[in-house]
1. Tell me which of these Arg36 doesn't satisfy, since it passes every other one: (1) modelled with pLDDT under 95; (2) under 23 Å from Thr281 (Cβ atoms).
2. Determine if region 163-177 includes at least one residue that is out of contact with any Leu (no Cβ under 7 Å at 6 or more places or on another chain) and surrounded by 23 or more Cβ atoms within 10 Å (Cβ to Cβ).
3. Looking at region 90-141 only, could you name the residues that are open to solvent by 50 Å² or more (accessible area, probe 1.4 Å), assigned to a helix (DSSP H, G or I) and either in contact (Cβ under 8 Å) with a residue 60 or more places away in the chain or farther than 30 Å from Leu279 by Cβ (or both)?
4. Just checking, how many residues over region 225-259 are hydrophobic (A, V, I, L, M, F, W, C) and free of Cβ contacts under 8 Å to residues at least 24 places away in the same chain?
5. I need the full set of residues from region 232-268 which are open to solvent by 20 Å² or more (accessible area, probe 1.4 Å), over 18 Å from the mean Cα position of the chain (by Cα) and closer than 16 Å to Gln15 by Cα, in order please.
6. Filter region 149-158 down to the residues that are in a strand (DSSP E or B) and buried (at least 24 other Cβ atoms within 10 Å of the Cβ) and list them by number.
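The values are calculated or read from the model by the stated rules, or taken from the named source; none is laboratory data. All of these numbers come straight from a predicted model, not from anything done at the bench. Ideal geometry is used to build each Cβ from the backbone, glycine not excepted, and the neighbour counts take in all protein chains shown. Remember, those area values only see protein heavy atoms, side chains included, never the ligands or the DNA or RNA. Shrake-Rupley method; radii C 1.70, N 1.55, O 1.52, S 1.80 Å.
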Amino acid sequence: MATAYADDFLPEALQFRPSTPLVDIGANLTHESFGRDLEAVIQRAQAAQVTTMIVTGTDLAHAEQAVALAKQYPGLYATAGVHPHDASRWDKNLERAMADLHAMPEVVAVGECGLDFNRNFSTPQEQERAFEAQLALAVESGLPLFLHERDAGQRMREILHAWRDDISHAVVHCFTADRDTLFGYLDLDLHIGLTGWICDERRGHHLRPLVSDIPLERLMVETDCPYLLPRNLPAKLKGRRHEPALLPWIVREIAQWHGISKDELGAATTQTAQRFFRLPTEF
């Protein structure tokens, strides 16, 4: 087997290794950009102490691929859901297929599902129908929810409030919204996932003063790779593809704004992710 950095993809300045194992709760490893070197990507992640990765399933095909990866690689788990962009495709056949996936041991959450009123690739009505159907599947399976929300915070909170007594845990992944939306989610006892968005001085600066308001027992970290490559990395990355090995840099940035050490934040977010996704606690 090749060494973790055998292809020299990451410059030495980007080869971070924290003292504590990390959990990347949102890695789109089924994306086509990982097709040529996935094994090396996973090796680099492990070398960077990112020992657990939750592979996001955004539709039936990608959820099935995520499950296949979780079966193949130790430390990988899958989610299974239908992204709001694809909500127009929701039907009874898709519902049954998702229910079957949720019964698999590799699947640790229902999603990525939710609302996206920014682009409206599916209509708001189609999005709400698919979202509520997946909330029902989460109740049926007992799995936590992996949520997507963009420009739909008020409606998301209204729907989740109506379901809150029935669903278990839920995380708003890749949170990028404002203070009122954050506190609305925290009031619903939701978890928050933060990404390299906070490293973007053009659009992520508003998140920085909010970070310390997120209790550590509700905070998790993610790359959302191959998207959202941090803009403030100390070296350039060829290809501009984000990957899990860079999660320690995001942890360092979040820790700075939370006012604690990167080791403390890393350990806390790992413990939170282990509880949330019911993961093994031994690495």
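1. (2)
2. Yes, region 163-177 has at least one match.
3. Lys92, Asn93, Gln125, Glu126, Arg129
4. Number of matching residues: 1.
5. Within region 232-268, Asn232, Leu233, Pro234, Ala235, Lys236, Lys238, Arg240, Lys262 qualify.
6. Correct list: Glu149 only.
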